[in-house]
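Below is one structure, written out as structure tokens; comments come after it.
Every read-out reported here was derived from the displayed coordinates using simple, explicitly stated rules and does not represent laboratory data. The structure presented is a predicted model; accordingly, all values stated were derived computationally and were not measured. When we count neighbours, we look across all protein chains shown, and the Cβ atoms used for this are built from the backbone with ideal geometry, even at glycine.
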Amino acid sequence: MRLASVDAAALAVGLRPGMPLADARAQVGALAVVPHDPVLDQDWLDRLAQGCARYTPLVALDAPDGLILDIAGGEHLFGGEAGLVADVEMRFARLGMTLRHALGQTADAARALARYQVRPAPDEASAIRRLPVAALELEPEATTALVRAGLKTIGDLASRPMANLAARFGADAAMALRRILGDAPSPLDPRVTPPPVAAERRFAEPLGSSTHATKILAELAAEAIEELAERDKGGRHFRATFFRSDGLARTIAIETGHPTRDADLVMRLFAERMDSLADPLDPGFGFDMIRLAVPRLEALGASQLKLEGGAVKDAAIDELADRLATRLGRGRVRRLRPADTHIPEQAQLELPAIDAPAPLPWQAPEAGEPPTRPFHLFDPPQPIEVIAEVPDGPPQRFRWRRAFHAIRRYEGPERIAAEWWRRRDNGGLTRDYYRVEDAQGRRFWLFRHGLYDEKPDPRWYIHGVFA
Amino acid sequence: MHESSHPLAGLRKRIARIAASGGFESRPAEGWLASGHARFDDAIGGGLAMGRTHEFFAADALDATSAAAFAALVALRTPGKAPLIWLRTSDADKRSGHIYAPGIAELGGDPDRLLLVEAADPKMLLACANDAIRCAGSAAVIVESWGKFPLLDLTAGRRLALGARDAGTTLFMLRLNSVPTPSVAETRWSVAAAASRGLEADAPGAPAFDLELLRWRGGPAGTRWRLDWNHDEQAFVEAALSGALLPLPARRAMASHGAAAA
């Protein structure tokens, strides 16, 4: 077991990350150790990044412990770079985080400065030239080799021909150097892509009540919908983010089955979602910013009401589906669609109604024939005990849910083979289906799972009930 | 002046106003969901009244499919694309099985009209039902419940019925594995599976239903019917062996079918 990370006090007494735990314990008697959980760290970094979305929508994670913010063009909102840095420092200090930060012309330069700068410098260019060669993050041997050759800083390297560096340490080393110097682009991979339409409101005094926050959200919804109307679009997803003054943020999202520009509908769905939250929206020390984003847009022309009112009725049903899906969960309001397979339990898909699946044609009934598929289907099929006259013959009586059924009429077998073209092991056993009617007139769909030459003692199941 | 300010007089006035506007029962239904079987429809005044509540009790736990199918077929045989909103609890898939669209399609119904809503528990089911009935434009709302439904007391039932009447939504309460209790429903039915008319080679035939009218606001109850579903005509028809409560020998059934075909 080794130390993954140490705090300032531990550094002061000589502990270092990577040190064996036993050595550290020997060195410092009263050592407080917490198991390292990289997943939790990642989660926390992600939450911090979400909170940093208050400064800029372009926030990139620099795992395991860094965040890169593209603040170009937005720093004046916080009183310039210094004001923005002060705000970041203040919020992170409240969360108990130790912060190292740097500003740079490119993402890689800022990152190298934040992580490796040891000596102050009058300007950015000279600061970069003073960075140790370790800032290139090459292999340890390569770094040692550079230092042995007397090239201790980025500036030393930059004054040599780039081709020599590439020849000795590979093209990656040359690329890393060019990126830090700003000669090559260092693109950001932002955590969230900025939404196409967004409205936000900042408050001088944090809002202490959720009710007030909801009112502000309604105003933001009206603003966002005005923008949608100008662009002839409707929103499918709406995402409200409540930024708390302690730096954390809570996101609440809703979606609709059809593009919408109805602010009242959006607010009704938000109210529905907030009512169904397991842990309610907690203002904590207050919200100091609320943002409403519309990440998914779809074309929506100006609507015209039908004279006979058909469109209005459809809209009412769609809204009901949206509202119920918001309350119960998107997968719990479903529409049925056919799937192209003859395995009965896979022949229908239950898709979320909110995805508005396109209708597909169903198998039409044959004239004059009774239905061959049941009204209710058990998935998985339920095992039954069957008595048949001959082993591979039709069932005579069966026991299901502790009741006996004597079979009076039957039709079958309808043989459904497994999909051998999909699976290597021939896809499993063949099923022989029987449509049966018992003495009380109830109709069931039974099958024997496996032919007698496939399996010694095949089991029987009930798969469905007919009307 | 003094008279009208008296609280009792005010109440009397309100009662008079309510009585004048027609009250709960006297408002005529906007239409009927007909079964397609003329004698059956005439006997209950044209069919199942739209904008009202109808209860379907499965005669036995095993008759759940028959009750569900009867309610669904009555709603789905209406022309048009109006959706059928079907609310059930999460455990319904295990108890009575998934609603199987290929089977509905083979009965001649359009499964695209189904909007399935799965509530976690009976309380949520009732809350969602209250929302669903207030939404105009559906062919019907089916609320499926299993066993006793203590939350659905007279108050809750009346609230549902009033909501359905105001929005013009037809509400089908599908009560499986349960015994009939007093309620404000317009009609109350007991549905059971009936022996079908056998086909050649003794195969089970078209769906058959045994219906008993337990209660009807508009007239006498207690009538029994035996109906077959004919998916070609999209209608319920007289069962071929009407009145024959004893199952006939299979040979007779075959012969009669053969005669009908000839």
Expressed in angstrom and rounded, the centroid-to-centroid distance over alpha carbons for the stretch B:58-124 and the stretch B:133-209 is 10
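How long are the three semi-axes of the equivalent ellipsoid for the stretch A:286-428, computed from the Cα gyration tensor as the root of 5 times each eigenvalue, in whole Å, largest first?
Numbers: eigenvalues 415, 88, 65 Å².
Semi-axis lengths for the stretch A:286-428 are 46, 21, 18 Å.
In deg cm²/dmol, rounded to 500, what helix-only [θ] at 222 nm does the protein assembly as shown give when every DSSP H run of at least 4 residues adds -39500 (n - 2.57) and the total is split over its residues? Numbers along the way, then the final one.
Numbers: 22 runs with 230 residues, N = 729.
Dividing the helical sum by the residues of the protein assembly as shown leaves -9500 deg cm²/dmol.
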Helix A:38-52 sits off the longest principal axis of the Cα atoms of chain A, rounded to the nearest 10 on a 0 to 90 degree scale, by 70
Hull surface over four for the Cα convex hull of the stretch A:197-324, reported in nm², is 8.0
Here, trypsin sites (Lys or Arg not before Pro) of the stretch B:100-172 satisfying both criteria (DSSP loop; at most 13 other Cβ within 10 Å) are B:LYS148
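When only Cα pairs under 8 Å and 6 or more residues apart are kept, what is the percent relative contact order across the stretch A:41-181? Intermediate values should be presented prior to the final figure.
Numbers: 142 pairs, mean separation 20.0, N = 141.
Reported relative contact order: 14 percent.
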Per DSSP, the loop-located chymotrypsin sites (Phe, Trp or Tyr not before Pro) within the stretch A:248-357 having at most 16 other beta carbons within 10 Å are A:PHE285
Expressed in nanometres to one decimal, the distance between label points 7 Å along Cα→Cβ at A:GLU419 and B:LYS81 is 2.9
Expressed in nanometres to one decimal, the distance between label points 7 Å along Cα→Cβ at A:ALA63 and A:ARG16 is 2.6
Calc'd 3J(HN,Hα), the stretch A:158-173, phi into Karplus 6.51 cos²θ - 1.76 cosθ + 1.60 (θ = phi - 60°), Hz, glycine/Pro = x, comes to 5, 7, 8, x, 4, 4, 5, 4, 4, 5, 8, 10, x, 5, 4, 5
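If you count, for every residue in B:187-194, the Cβ atoms of partner chains within 10 Å of its Cβ, what is the mean? Each step should come with its number before you reach the end.
Working: counts 0, 0, 0, 0, 0, 3, 9, 3.
Per residue, the average neighbour count from other chains is 2.
Calculate the all-directions average of the projected area of chain B's alpha-carbon convex hull, and give it in nm².
Dividing the Cα hull surface by four gives the mean projection, 16.5 nm².
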Here the relative contact order (percent) of the stretch A:197-324, from C-alpha pairs under 8 Å and at least 6 apart, is 38
HN-Hα couplings for the stretch A:359-364 via Karplus (6.51, -1.76, 1.60; θ = phi - 60°), in whole Hz with x for Gly/Pro, come out as x, 10, x, 9, 4, 7
For A:GLU366 and B:THR155, extending 7 Å from Cα along the Cα-Cβ vector and measuring point to point gives, in nm, a value of 5.6
